[in-house]
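Q: The structure that follows is given in the form of structure tokens.
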Amino acid sequence: MNPTIFFSVCSLFYCLFLMFTVFSKTEKNNAENKIFKILLLINLGSLICESAGIFLGSNYKKFELLNDIALRLMLVLYVSWFSMFIVFILNISKRRNKLNIRDNKIIFVVMLLAQLAVVFLPIIYNTNKDGVIIYSSGLAVQTVYYYVMACEISCLFIMFTHAKKVKIANYASLFALVVLSTLSAAIQSYYPSLLLSASTETFVLYIAYINTKKMETMRKIEKSTISSK
């Protein structure tokens, strides 16, 4: 069994726990919360596809079509998550109160093009002697790899262009994403059978949630201090 399943199952548990925490609270349905909920739902889908792909990949010849669907859907969800993360960073930087598709239409158009590429470009399945998929490669996988890099660079660019207006602490989730994705890429270069992207997303979302709550508390304290004066 691919050791990735242990990361996926644990991350799935933590993702569901965070979803229960977020969706059970009656909070302001502002842009930041909406984007965060979308990121959570995409991450849940990625973890489910990842887990399904591991089981299907253990008998590739029997479930060839289902495995291809699960993997391509997982890659599409990766593209979706990182695209929405750019929107999340933009919202933090520009302090938008509403989530408007028109404000982010370029991001969504590029996301759609990348998703179409993932669906139609070829994927190479590298199997062992028993017919079990060890890892996948090909143009579709490479497209996602470079797209993720481009998204992270875009987020860093957004952060640096708004560094004077926004506290650097607000970007804790971005720093976590860059560090963890770099480590994941390094590990996967030596152990290509490991899938760590979805688990990285889960951890980053926890950092984002904790940081968001911290910032909200600080804003409330500042408001109460100003009103008391």
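Q: How large is the charge dipole for the chain, taken about the Cα centre, if only the Cβ atoms of Lys, Arg (+1) and Asp, Glu (-1) carry charge, to the nearest 20 debye?
A: 1260
Q: Along the three principal axes, how long is region 159-205 when you take its alpha carbons, biggest first, rounded to the nearest angstrom?
A: On the principal axes, region 159-205 reaches 42, 18, 11 Å in Cα extent.
Q: Each residue of region 77-84 in turn: what ³J(HN,Hα) in whole Hz from Karplus with 6.51, -1.76, 1.60 and θ = phi - 60°, glycine and Pro shown as x?
A: Per residue, the Karplus-derived 3J(HN,Hα) values read 5, 4, 4, 5, 5, 5, 5, 5 Hz.
Q: How would 22, 178 line up by accessible area, probe 1.4 Å, largest first? Kindly include the intermediate steps, with their values, before the conclusion.
A: Values: 22 10, 178 40 Å².
Largest accessible area first, the residues go 178, 22.
Q: While we're looking at this one, here's another question. Which order do you get for 95, 72, 102 if you rank them by accessible area with a 1.4 Å probe, largest at the top?
A: 102, 95, 72
Q: Also, quick follow-up: Roughly to the nearest percent, how much of the accessible area of the chain is carbon and sulfur, given a 1.4 Å probe?
A: Of all accessible area on the chain, carbon and sulfur atoms account for 69 percent.
Q: Also, quick follow-up: How large is the Kirkwood hydrodynamic radius of region 60-191, counting all unique pairs of alpha carbons, in Å?
A: 16.5
Q: Quick one: work out Rg over Rh on the C-alpha atoms of region 1-110, Rh as Kirkwood radius.
A: A ratio of 1.06.
Q: If one takes the longest principal axis of the Cα atoms in the chain, at what angle in degrees, from 0 to 90 and to the nearest 10, does the Cα axis of helix 197-228 lie?
A: The two axes meet at around 0 degrees.
Q: Place +1 on the Cβ of every Lys and Arg and -1 on the Cβ of every Asp and Glu in region 45-169, take the dipole about the Cα centre, and give the residue among 120, 82, 158 whose Cα lies farthest towards its positive end.
A: In region 45-169, that residue is 158.
Q: Additional query: Beyond 20 Å between alpha-carbons counts as too far, so tell me which of 105/165; 37/167; 25/105; 37/213 fall in that bin.
A: Details: 105/165 24 Å; 37/167 23 Å; 25/105 30 Å; 37/213 14 Å.
Beyond 20 Å between Cα atoms: 105/165; 37/167; 25/105.
Q: In deg cm²/dmol and to the nearest 500, what is the mean residue ellipticity at 222 nm of the chain if only DSSP H runs of at least 4 residues count, each as -39500 (n - 2.57), divided by the residue total?
A: Helices in the chain give a 222 nm mean residue ellipticity of -26000 deg cm²/dmol.
Q: Let me ask you something else. Along its principal axes, what span do the Cα atoms of the chain show, with the longest given first and each in whole Å?
A: 74, 33, 29
Q: Further question: Once amide H atoms are built 1.01 Å from N in the peptide plane, which residues 5 or more positions from residue 135, or in another chain, come under 5 Å H to H?
A: Amide H to amide H, under 5 Å and 5 or more residues apart or across chains, residue 135 pairs with 126.
Q: Here's another thing I want to ask about it. Add +1 for every Lys or Arg and -1 for every Asp or Glu among the other residues with Cβ under 12 Å from the Cβ of residue 165, and state the total.
A: On the way: positive: 94, 95, 164, 167; negative: none.
Local net charge: +4.
Q: Next question, about the same structure. State the volume of the convex hull built on the alpha-carbon positions of region 115-191, expressed per residue in Å³ and rounded to an integer.
A: 103
The values are calculated or read from the model by the stated rules, or taken from the named source; none is laboratory data. Model, not experiment: these values are computed from the prediction. As a convention, Cβ positions derive from the backbone with ideal geometry for all residues, glycine included, and neighbour counts pool all protein chains shown. Surface areas here come from the heavy atoms of the whole protein model, side chains and all, with no ligands, DNA or RNA. Shrake-Rupley method; radii C 1.70, N 1.55, O 1.52, S 1.80 Å.
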